[in-house]
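Quick notes on the structure that follows.
The values are calculated or read from the model by the stated rules, or taken from the named source; none is laboratory data. Keep in mind that this is a model prediction, so the values were computed, not measured. Cβ coordinates were reconstructed from backbone atoms using ideal geometry, including for glycine residues, and neighbour counts include every protein chain displayed. Please note that ligands, DNA and RNA were not included when accessible areas were found on the heavy atoms of the full protein model with its side chains. Shrake-Rupley method; radii C 1.70, N 1.55, O 1.52, S 1.80 Å.
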Amino acid sequence: MTQHVLLKGRDKMDTPATTAVLDALLDPVLLLDSNKSIVAANPSARDLLGNQIKGRSLALAIRDPEVLDAVNEVLGGGDQQQIGISLMGPFRRNFDIQVASLAKTAESSAGAILIMHDMTATRNAEQMRADFVANVSHELRSPLSSLVGFIETLRGAARDDEAARDRFLDIMDSESKRMARLIDDLLSLSKVEANEHILPEGKVNIGELIADVSNTLFARAAERQIKIDLSTTSSPLFVPGDRDELTEVFHNLIDNAVKYCPDQTLVRIGIEEVARIPQIGGAGIVISVADEGDGIPAEHLPRLTERFYRVDKGRSRKMGGTGLGLAIVKHIVNRHRGRLSVDSTIGAGTVFRVYLPNEKTDAINP
Ligand SMILES: Nc1ncnc2c1ncn2[C@@H]1O[C@H](COP(=O)(O)OP(=O)(O)O)[C@@H](O)[C@H]1O
Ligand SMILES: [Mg+2]
């Protein structure tokens with residue numbers, strides 16, 4: 001069935017009334033005459049396709065044969081068309097385009113209307129979800145294949161070889177623990193994501209919490225002669241927050257500092273009050289975790305909190321990492337309406353800072 005969109009004008013399509021309607025629409029919209037020339041374009045369309053597109057041929061404004069085919073179909077009396085296209089610019093954008101015919105009226109000749117709906121964010125989210133599933137499957141598959149392989153070896157070739165058996169069982173032990181850690185991290189991540197819009201309950205003595213977390217990591221650090229130094233204010237500082245989640249945040253950050261820095265170095269943890277949290281405002285406290293590691297190249301910094309993103313995959317694996325720690329940290333800090341920052345200097349070390357507001361606020365930070 002042919003759908004007609006009626007837009008009344010005096011003698012042309014781009015009358016003041018039509019222009020007012022088009023300008024109010026956030027999606028890019030073009031009106032075309034029967035020769036496929038652009039008769040009117042709203043501001044969104046001009047932003048996207050260029051300021052001078054009025055009067056131009058559609059073929060020059062959108063160089064996509066599918067769009068022309070759809071417009072030809074509609075102008076030839078066919079049904080309303082819906083197509084998806086990608087436009088390349090500084091970055092790729094995906095649009096769903098709807099083309100409908102405009103009936104000839106007493107005041108204007110027949111033509112077509114082309115409405116563009118930006119689907120980039122939706123497509124990116126779909127892609128991220130698909131990548132995540134692929135990543136999880138891959139991350140679970142490799143320890144699983146290793147377990148399956150060793151079970152086979154233990155049943156066969158290594159059956160009566162006691163030394164090999166012990167070695168293989170050790171590997172199986174660490175591979176199964178890796179799977180367990182991955183599943184724990186995935187569950188943590190999905191829990192914080194689901195709760196991110198709900199403010200955490202409770203009040204936490206942050207100095208005490210960080211001292212507890214450091215204690216659990218002292219022994220591991222000492223094995224490599226790494227010292228953990230904690231300096232805090234003389235009087236206790238309290239912040240609104242969820243004790244278990246904040247424990248997870250600082251466990252991840254201090255664990256990373258210890259994991260990724262060389263032997264015989266120092267991990268410094270500082271707790272201070274701040275009058276204004278950068279970018280989000282309001283008073284709060286800042287906890288810094290600084291290491292003397294090799295530092296992280298600048299191009300990686302913005303991506304560290306992506307799930308499964310690692311600067312050095314092999315190293316992270318060897319250290320038993322899941323690649324989810326900082327993603328969990330980011331979501332928990334967001335839930336607390338706080339802020340996470342990272343500064344790194346090659347050859348000198350990395351500082352992660354967590355800012356937590358003193359008061360409960362509702363504003364979610366980007
Ligand atoms: N303190 C640090 N020094 C150097 N690199 C770090 C540090 N913290 C995190 N990274 C890098 O960020 C990546 C992501 O960290 P994270 O999400 O905790 O995953 P992982 O399980 O690998 O530790 C790590 O693999 C590592 O490459
Ligand atoms: Mg980690």
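Tabulated data
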| quantity | calculated |
| --- | --- |
| Whole-Å semi-axes of segment 212-366's equivalent ellipsoid (Cα gyration tensor) | 25, 18, 14 |
| Relative contact order (percent, whole number), the chain, Cα cutoff 8 Å, 6+ residue spacing | 12 percent |
| Whole-angstrom gap from segment 252-331 to segment 43-81, using each part's C-alpha centre | 49 Å |
| Virtual spin-label span in nm between LEU147 and ARG220, 7 Å along Cα→Cβ | 2.1 nm |
| Selected from GLY314, GLY325, GLN225, residue furthest toward positive end of dipole (segment 200-332; charges at beta carbon) | GLY314 |
| Cβ-Cβ FRET estimate between SER109 and HIS300, R0 fixed at 45 Å, reported to 0.05 | 0.20 |
| About the Cα centre, charge dipole magnitude for segment 121-195 (Lys/Arg +1, Asp/Glu -1 at Cβ), debye | 240 debye |
| Angle in degrees between helix 243-259 and the longest Cα principal axis of the chain, rounded to the nearest 10 | 70 degrees |
| Whole-Å semi-axes of the ellipsoid equivalent to segment 102-214 (Cα gyration tensor, √5λ, descending) | 54, 30, 8 |
| Kirkwood Rh in Å, taken over segment 4-118 so that all alpha-carbon pairs contribute | 14.0 Å |
| Bins of 10 Å, starting at 0 and running to the largest distance - Cα pair percent for the chain | 5, 18, 20, 15, 14, 14, 9, 4, 1, 0 |
| Scaled radius of gyration (Cα, divided by 2.2 N^0.38 Å) that segment 10-56 gives | 1.05 |
| Percent accessible area from carbon and sulfur atoms, the chain, protein chains only, probe 1.4 Å | 52 percent |
| Label-point separation, HIS197 to ASP79 (7 Å along Cα→Cβ), nm | 3.6 nm |
| Burial ranking of peptide ranges 53-65, 319-331 (average Cβ count within 10 Å, highest at the top) | 319-331, 53-65 |
| Selection from ASN205, PRO236, MET128 lying farthest towards where the dipole of the chain points positive, charges on Cβ | MET128 |
| Only Lys, Arg (+1) and Asp, Glu (-1) charged, at Cβ; segment 42-178 dipole about Cα centre in debye | 520 debye |
| Electrostatic dipole magnitude of the chain [Cβ: Lys, Arg +1; Asp, Glu -1; Cα centre; debye, to 20] | 560 debye |
| Scattering profile of segment 104-165 at q = 0.19, 0.27, 0.29 Å⁻¹ [log10 I(q)/I(0), Debye over alpha-carbon scatterers] | -0.84, -1.04, -1.09 |
| Spatially near lysine pairs across the chain, Cα under 16 Å, sequence gap of 8 or more or different chains | 12 |
| All Cα pairs of segment 55-168, percent lying beyond 25 Å | 55 percent |
| Å² of accessible area per residue within segment 9-90, as computed with a 1.4 Å probe and no ligands counted | 54 Å² |
| Theoretical FRET efficiency, 1/(1+(r/R0)^6), r = Cβ-Cβ of THR345 and LEU140, R0 56 Å, to 0.05 | 0.95 |
| Helix-derived mean residue ellipticity, 222 nm - over the chain, DSSP H n ≥ 4, -39500 (n - 2.57), to 500 | -13500 deg cm²/dmol |
| Order of exposure, largest accessible area first, which applies to THR265, THR122 with probe 1.4 Å | THR122, THR265 |
